[in-house]
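Quick notes on the structure that follows.
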Amino acid sequence: MVDHGARRVLGREGGIRGRDRRSDSHGRDKVRFTVTFEGGESGAFCLKGLLDVDETTARGGPTCVLEADFYGRIAPTVDLTVPDCVATVIDREGRQAVTVMLDLIGQGATFCSALDSFSADDAVLSLGQLAQLHARSDLLEGADWIRPRVSQLAEMTYVTPETLQELLDGPRGDGLSRQVRSAPRLIAGIRALAARDGQCPQFLVHGDAHAGNVFRLGGGMGLIDWQLLQRGGWALDVAYHVNAVLCVDVAEAEERRLLGEYLSMMRGHGLAMPCDEEAWRQYREAAIYGYYLWAITRRVDPPIIATFVDRLGKAVTRHESHALLGI
């Protein structure tokens with residue numbers, strides 16, 4: 001299926017000039033290019049998808065479809081700062097898709113990184129974006145295509161326990177305790193979290209809200225990379241986000257305040273949220289989620305992997321997440 005926007009926006013070009021090609025943390029390509037239309041008008045765009053598909057990267061095709069569906073079905077109905085999507089091209093039978101967006105960099109946006117500074121005040125702004133998303137969880141009704149991804153991660157087989165242990169025994173695990181670096185304990189933890197999360201009220205969850213998926217624009221924050229969009233407990237996003245974007249000492253000092261800020265935002269949107277102590281417990285349990293995601297990550301620059309694994313692994317230690325989950 002070709003979205004009609006593709007013909008409308010890209011079908012009248014006078015010429016296309018390539019500018020830049022990069023890959024994201026899941027191996028998806030992002031190609032920035034300029035289009036010159038008939039009449040001399042030009043525009044800057046970014047195309048995202050799997051452009052060189054091999055046996056390994058082909059597994060990511062369904063997440064490209066999921067992201068394209070986010071831009072086509074969800075983004076127009078929520079008050080979020082996200083890239084403006086001009087076209088999606090989806091092959092549902094082949095389980096592949098590409099998304100064409102206006103180029104954020106051309107609009108003056110800057111992308112955050114694990115290696116950049118991110119303050120607690122910055123985190124209030126980015127948590128505001130997550131709260132806007134979570135507040136529209138009414139969109140989950142009838143949206144069976146948005147699934148409980150944490151339970152799927154808990155049962156995946158393409159990263160074996162042996163491979164996970166090798167990864168944790170490598171440089172990414174330096175500075176973490178032996179117990180937190182244990183692959184069997186981590187797998188047991190993500191499975192226990194998935195079981196508990198399935199019993200919680202379900203929200204519309206970004207699923208991968210680390211610093212690299214946040215951008216700054218016009219004094220505010222926005223979100224990109226919707227390939228792990230899912231239904232799940234709000235704490236999956238909040239615990240992951242706070243402990244991924246902030247260095248360890250700042251997270252430890254500010255996380256209770258930031259959790260309170262998030263809960264206030266949600267209540268301001270009219271959502272019934274747990275009391276502060278129950279929310280704190282859910283937050284502490286959910287730290288396992290982000291740690292697991294980065295423990296299994298391979299196709300990202302090693303310094304970024306090491307930074308996120310260290311931050312999130314120390315959050316799991318600090319919050320005794322395994323013990324809270326009965327591990």
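The values are calculated or read from the model by the stated rules, or taken from the named source; none is laboratory data. Computed from a predicted model, the values in this text were never measured in an experiment. Glycine gets a Cβ as well: all are built from the backbone with ideal geometry, and neighbour counts include every protein chain shown. What goes into the accessible areas is simple: the full protein's heavy atoms, side chains included, and nothing from ligands, DNA or RNA. Shrake-Rupley method; radii C 1.70, N 1.55, O 1.52, S 1.80 Å.
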Expressed per residue, the solvent accessible area of the chain in Å² (1.4 Å probe) is about 43
Using a 1.4 Å probe on the protein heavy atoms, what percent of the accessible area of segment 258-327 belongs to carbon and sulfur?
52
Log10 I(q)/I(0) at q = 0.11, 0.16, 0.19 Å⁻¹ for segment 37-183, from Debye over equal alpha-carbon scatterers, is -0.67, -1.28, -1.36
Given the peptides 75-81, 247-253, arrange them by the average over their residues of other C-beta atoms within 10 Å, most packed first.
247-253, 75-81
For segment 119-208, report the convex hull volume of the alpha-carbon atoms normalised per residue, in Å³, without decimals.
134
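If you place +1 on the Cβ of every Lys and Arg, -1 on the Cβ of every Asp and Glu, and leave all else neutral, what size is the dipole of segment 173-327 about its Cα centre, to the nearest 20 Debye?
Taking the Cα centre of segment 173-327 as origin, the dipole is about 380 debye.
With all protein chains present, how much of the accessible area of segment 60-177 (probe radius 1.4 Å) comes from carbon and sulfur, to the nearest whole percent?
Carbon and sulfur: 49 percent of the exposed surface of segment 60-177.
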Over the alpha-carbon set of the chain, divide Rg by the Kirkwood Rh and report the Rg/Rh ratio to two decimals.
0.96
Report the charge-dipole magnitude of segment 159-264 in Debye, nearest 20, computed about the Cα centre from +1 at each Lys and Arg Cβ and -1 at each Asp and Glu Cβ.
260
Can you tell me the 0 to 90 degree angle between the C-alpha axis of helix 248-268 and the longest principal axis of the chain, rounded to 10?
70
If each DSSP helix of 4+ residues adds -39,500 (n - 2.57) and the sum is divided by the residues in the chain, what number results at 222 nm, nearest 500 deg cm²/dmol?
-13000 deg cm²/dmol
Per residue of segment 124-135, in order, report the coupling 6.51 cos²θ - 1.76 cosθ + 1.60 (Karplus, θ = phi - 60°) as ³J(HN,Hα) in whole Hz, putting x for Gly and Pro.
4, 5, 6, 5, x, 5, 5, 5, 4, 5, 4, 5
Which of the listed residues, N213, H241, L186, is farthest toward the dipole's positive end in segment 159-302, when Lys, Arg count +1 and Asp, Glu count -1 at the beta-carbon?
L186
Cβ-based net charge around G270, under 12 Å, with every Lys or Arg adding one and every Asp or Glu removing one:
+1
How large is the charge dipole for the chain, taken about the Cα centre, if only the Cβ atoms of Lys, Arg (+1) and Asp, Glu (-1) carry charge, to the nearest 20 debye?
280
Ratio for segment 268-327, C-alpha Rg to 2.2 N^0.38 Å, reads 1.36
